[in-house]
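Enquirer: Let me give you the structure first, and then I'll get to my questions.
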Amino acid sequence: MAENRKIGGILGFNPWIWVFGLTLALQLIRGSWGDTIIFAFDTALILANELGMLKFLRHERPRIEKRVIAVGMVCLAVALSLIPPHTMASALIFIGLLPIVLWMVWYQDRGVKAKAQRAMFWAKVAWVTFAVAVCLWEYSANLLTIASGELYAYPTISVLVAPWIDTTALGRFMFTAVWLLLGLGFLRIWRKP
Amino acid sequence: MEKTLKGLTTIAGYLTLVVIGVTLFVMTSKPGGKIAPMTALVDRIMHHRTTRIAIILAWWWVGWHFMVNTVRR
């Protein structure tokens with residue numbers, strides 16, 4: 001079993017701790033208590049993992065049959081489309097999903113990470129720049145909304161997308177499908193180990 | 001009128017970012033270019049458990065945010 005190698009840090013901490021810590025601070029400023037609890041949990045979980053406090057939870061990468069994943073995804077997409085959003089039922093689905101996806105990514109790192117090629121470096125630069133641009137645009141809209149008190153003068157992504165998700169099952173289905181496919185891509189289930 | 005213009009400018013910004021993201025994804029999708037495909041980048045960054053946990057938590061929160069949270073500002 002390979003040792004868990006630490007990646008480069010910022011001021012001695014893994015960059016993800018900073019990302020989640022800063023997001024936690026932003027949620028506090030926004031006064032969104034639900035999100036504050038979620039990001040406090042997330043930050044604590046990442047920190048605990050980095051400090052090696054959760055070693056007892058380590059396991060090998062789970063191999064789940066693709067048809068099980070496909071059936072699970074379809075069931076989830078249909079359930080989340082039909083169940084009204086912002087209800088206890090939708091919250092329970094997400095709360096139930098969280099430990100499953102965490103278990104699927106919690107496996108032990110395997111082998112040594114190969115040295116990055118130049119093309120990989122530029123890919124990282126390009127996508128990080130893009131992600132930062134999206135975050136800055138969204139957060140600027142959020143701050144301007146708070147400052148102006150006008151929800152639609154500077155709409156955030158949530159303000160634009162939420163009515164569409166909230167009012168139609170088709171909107172929920174399309175959002176859920178894209179969201180699940182993105183998750184599937186991150187879990188890399190269809191890729192060879 | 002001014003409010004509508006501000007709103008449209010903000011939306012135009014999002015659409016521009018979507019176009020840039022899709023263009024970047026498509027133009028870099030073939031291996032061997034100056035910029036590696038995003039799929040190869042995901043494979044690489046998902047090597048470390050901390051990164052895997054962070055990305056899957058962020059992904060989960062996006063779903064929670066839209067399907068469970070009530071959007072308010």
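Enquirer: Note down the accessible area of A:D166, probe 1.4 Å, to the nearest 10 Å².
Expert: Here the accessible area works out near 60 Å².
Enquirer: Now for a separate question. What percentage of the solvent-accessible surface of chain A, computed with a 1.4 Å probe over protein heavy atoms, is contributed by carbon and sulfur atoms?
Expert: Values: 8530 of 11470 Å².
Ligands and nucleic acids excluded, carbon and sulfur reach 74 percent.
Enquirer: Starting from the 7 Å offset along Cα-to-Cβ, what nm value, one decimal, do you get for the label separation of A:M53 and A:S140?
Expert: Reported label-point gap for A:M53 and A:S140 is 3.8 nm.
Enquirer: Helix-only estimate, please: 222 nm mean residue ellipticity of the protein assembly as shown, summing -39500 (n - 2.57) across DSSP H runs of length 4 or more and dividing by its residues, to the nearest 500.
Expert: It lands at -23500 deg cm²/dmol.
Enquirer: Quick one: Cα convex hull volume of chain B, Å³ per residue?
Expert: 132 Å³
Enquirer: Calculate, for the protein assembly as shown, the solvent-accessible area per residue in square angstrom, rolling a 1.4 angstrom probe over the heavy atoms of the protein chains.
Expert: Details: 15270 Å² over 266 residues.
Accessible surface, normalised per residue, equals 57 Å².
Enquirer: To the nearest hundred square angstrom, how large is the accessible surface buried between B and A, total for both chains, probe 1.4 angstrom?
Expert: Buried: approximately 6400 Å² between A and B.
Enquirer: Apply 1/(1 + (r/R0)^6) to the Cβ-Cβ distance of A:D166 and A:I29, taking R0 = 30 Å, and write down the FRET efficiency to the nearest 0.05.
Expert: Working: r = 25 Å, r/R0 = 0.85.
Computed FRET efficiency for A:D166 and A:I29: 0.75.
Enquirer: Can you put A:R118, A:R61 in order of accessible area, largest first, using a 1.4 Å probe?
Expert: Working: A:R118 170, A:R61 55 Å².
The most accessible residue leads, giving A:R118, A:R61.
Enquirer: Along each of its three principal axes, how wide is the spread of alpha-carbon positions in segment A:8-83, in whole angstrom units, largest first?
Expert: Principal-axis extents of the Cα atoms in segment A:8-83, largest first: 44, 35, 21 Å.
Enquirer: Hey, which of these cross-link pairs are over 24 Å Cα-Cα: A:K115/B:K34; A:K113/B:K34; A:K124/B:K30; A:K55/A:K124; A:K66/B:K34; A:K55/A:K113?
Expert: Table pairs above 24 Å Cα-Cα are A:K55/A:K124; A:K66/B:K34.
Enquirer: Right, another one. Taking Rh as the Kirkwood radius computed over C-alpha pairs, what is the Stokes-Einstein D of segment A:30-172 at 10 °C in a medium of viscosity 1.306 mPa s, expressed in µm² per second? The partial results should precede the final answer.
Expert: Numbers: Rh = 19.4 Å.
Value of D from the Cα-based Kirkwood radius: 82 µm²/s.
Enquirer: Where in segment A:129-168 does the amide nitrogen come within less than 15 Å of the point 7 Å from the Cα of A:W18, taken along Cα to Cβ?
Expert: Under 15 Å, as judged by backbone N against the label point of A:W18, lie A:129, A:132 of segment A:129-168.
Enquirer: Please report the relative contact order for segment A:59-193, taking Cα pairs under 8 Å with a sequence separation of at least 6, and give it as a percent rounded to a whole number.
Expert: 35 percent
Enquirer: Another one. List the pair-distance distribution P(r) of segment A:120-193, using every Cα-Cα distance, as the percent of pairs falling in each 10 Å bin from 0 up to the bin containing the longest distance, rounded to whole percents.
Expert: Going from the shortest bin to the longest, the percentages are 16, 27, 36, 17, 3, 0.
Enquirer: Now a separate question. What is the distance in Å between the Cα centroid of segment A:39-71 and that of segment A:123-146?
Expert: Comparing the Cα centres of segment A:39-71 and segment A:123-146, I get a distance of 27 Å.
Enquirer: Between segment B:1-48 and segment A:152-193, how many Å separate their Cα centres?
Expert: 16 Å
Enquirer: Here's something else I'd like to know. Within 10 Å of each Cβ in A:158-167, how many Cβ atoms from other chains are there, averaged over the peptide?
Expert: 4
Enquirer: Over the alpha carbons of the protein assembly as shown, what is the largest minus smallest coordinate on each principal axis, giving the biggest first in Å?
Expert: 62, 43, 36
Enquirer: Give the calculated FRET efficiency between B:T39 and A:R118 to the nearest 0.05, with a Förster radius of 22 Å applied to their Cβ-Cβ distance.
Expert: Numbers: r = 18 Å, r/R0 = 0.81.
So, using R0 = 22 Å, E works out to roughly 0.80.
The values are calculated or read from the model by the stated rules, or taken from the named source; none is laboratory data. In this text the structure is predicted, and so the values were computed from the model without any measurement. Every residue, glycine among them, receives a Cβ derived from its backbone with ideal geometry; neighbour counts consider all protein chains shown. The area values use the complete protein model at the heavy-atom level, side chains included, leaving out ligands, DNA and RNA. Shrake-Rupley method; radii C 1.70, N 1.55, O 1.52, S 1.80 Å.
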